[in-house]
Each structure stands twice: as C-alpha cells, then as structure tokens.
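Before any comments, here is the structure.
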Amino acid sequence: MQALFSGVLVGASYALIATGLAVVFGTMKIINLAHGELVLLGAYIAYTFEAASGLNPLFAIPLALVVVCISAGLVHFLVSRIRSDRELNSLILTYGIGIILTNAVLLIWTADVRSSNSSWLLEAVMIGPLFSMRSELIGFLLSMLLLGALWWWLTRTWYGRALRAVSSDRDAARLMGIDPARTELLSFVVAGVAAAVAGVVLYCSSVVQPSLGSALTVKAFIITVLAGVGSIPGVLVGAMLLGVVEALTVTFYSSALQQLTGMVLFLVVLFVLPNGLFGSAGRRG
C-alpha cells in the first residue's frame, strides 16, 4: 500500500512534466527534446530564490513562470524558423538547445547536487498507515489543480479549442480563421507554465543536478506514448501507471531496475497499442 501511495504521488509530478511535451507534440507534431531542461531550469530558479531569500521555494513559482515561459518562447521562435523537414530538423535543433541549456546550468550553478533546505517541506506527514513528505503532498495537489485547469481550458475555452483544432488539422483550422503560428506559440507558453511549476515541485521534493534534464525528457516522452496524443486525462493515468510500476519495482526488487521497468512498459505499450492507452481505436484499427 505504501508503494502504491508513493507511486501515485510521484505519478502526479510525472504527469505535470509530461503535459508540456504532450501539448507541443499534439499541436506541432514535434518532440521538444529541450523540455526536460526547461523543467530543470524551473528547479534551479527555485534553488536560487531559496538560497538568496531564505523563503519557502514554493514562492519562487511566479519567477520561474516568467523565466521558463520566456525560454519556451525563444525555443518556439527558433523552431518556427524551420521550413523544410520540420519534424526531423526540429528534433535535432531542440536536442542542441537542450545541450546548450544543460551547459548553461553547469556554468551558472556548477555540477553540485542541489536540494531544498526547508524543514517544513521535508517533514513527514502521516495519513493513516501511509506516510510521505509534505512537499510530495503539496506537489500532488499543485499538479492535480494545474492539470484540471489545463483540461478545462482545452475543452471549454476558445483558445483551447483553437489549439485542439490546429492539432487535428492545421489547414482546416486556418480556413476557420485560426492563426496556426500564434496557436503554436501558445502551446509552447502552456508547456512553459507546466514545466516551471513541475521544476519547482521537483526541487522541493527531490534533488536536482544538471544531467537530470535529458532523463526528464525521456520520462515525459514515455508518458506521452502511454497516454496517446491529445489526452490530458490519459497523460495523468499514464504517469500514475509509470509511477506505481517504478515504486513497486523499488519495493519488491531493486532501485537499479527502476528505469528499466519504465522502458519495458513503454516498449510493451508501443508494440501492442501504438496510439497509446487512450489513442483512437479507429486509427489503431
């Protein structure tokens, strides 16, 4: 039961990390390989804020939103310059941007491992027979609130419907008066918001180091494949599934097999259901 509980808490943070990648992938049909580095940037903004002010790093969320969203906008500006072989060239470009961001983090914050010094966040909280750090519970609540708000925005607002329209058919959306370029920029900003909050949550409940960015991108891509493109509830379920599988692996086998288990799950779903757990059954057929 403790492993399941821990897996659900971690899975909510995974879902927040993966949401930004899923939104951009669904809208522009490209994989932003610098997404993990944007999450990492949010985490280091929280570290800098805490080190400079001594306040709770959760208060760094507004600052992280500004910095990460501007960075995401710059990534979009570079990607939007690509005119031919957009999918392949953007893959190479964002991979290079990810390397640049990783080295920038190394230059600014060095290779030391960073973690929060807030005793209030790291304090254990008991819920019946189950326990967790307070930061994990807060991260779970923040993730669920943001995912719920994003799902409502995508399904109930004009801009959300415009983003889904561009994701479905770019040319048809243009005929309906939607500007695809502006909508794609909006998808990167939304991804930046999710990455910023995910980065702060990650710093509050775990340790961060410059090499973590690429691992976060891989994990986000695994969840996107598990969910199927364009499904926020699917992203949440896929992330919970990955978190629980990893937690059970650590509990009953070994922490050394944690990453391997996630990759095996990814390959099984990719082989059996190429469009993900919540992808279109018609397209699968």
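Laboratory data are not the source of any read-out in this text; all were calculated from the coordinates shown. All of these numbers come straight from a predicted model, not from anything done at the bench. All Cβ positions, even for glycine, are placed from backbone atoms using ideal geometry, and neighbour counts span all protein chains on display.
Here are some notes:
- Diffusion coefficient, µm² s⁻¹, Stokes-Einstein with Kirkwood Rh over alpha-carbon pairs of segment 138-184 at 10 °C and 1.306 mPa s: 138 µm²/s
- Calculated on the Cα set of segment 149-215, radius of gyration then Dmax: 15.7, 48 Å.
- Here is how the number arises for the chain: DSSP H runs of 4 or more residues each give -39500 (n - 2.57), the sum is divided by the residue count, and the result at 222 nm is -25500 deg cm²/dmol.
- Directionally averaged projected area (segment 1-106, Cα convex hull): 8.3 nm².
- 3J(HN,Hα) from dihedral phi, segment 10-23, Karplus parametrisation 6.51/-1.76/1.60, rounded to Hz, x for glycine, proline: 5, x, 5, 5, 4, 4, 5, 5, 6, 4, x, 5, 5, 5
- Note that segment 184-227 shows a convex hull volume over its alpha carbon atoms of 92 Å³ per residue.
- Entry note: segment 38-190 has Rg to Rh equal to 1.05, where both radii use alpha-carbon atoms and Rh is the Kirkwood radius.
- Rounded FRET efficiency, nearest 0.05, which uses the C-beta distance separating residue 126 from residue 74 and R0 of 30 Å: 0.10
- Available extension along the chain between residue 66 and residue 106 is 12.3 nm, counting 0.36 nm per residue and deducting the alpha carbon span.
- Within the chain, longest stretch clear of exposed trypsin sites (Lys or Arg not before Pro) (DSSP loop, no more than 15 other Cβ within 10 Å): 84-285
- q = 0.17, 0.21, 0.24 Å⁻¹: log10 I(q)/I(0) that the Debye formula gives for segment 94-142, counting C-alpha atoms only: -0.70, -0.78, -0.84
- Reduced Cα scattering model of segment 115-234, Debye log10 I(q)/I(0), q = 0.10, 0.16, 0.22 Å⁻¹: -0.43, -0.92, -1.31
- Convex hull volume of the Cα atoms of the chain, normalised per residue: 136 Å³.
- From phi via Karplus (6.51, -1.76, 1.60), per-residue ³J(HN,Hα) for segment 129-142 in Hz, x at Gly/Pro: x, 9, 9, 6, 6, 4, 5, 5, 5, 5, x, 4, 5, 4
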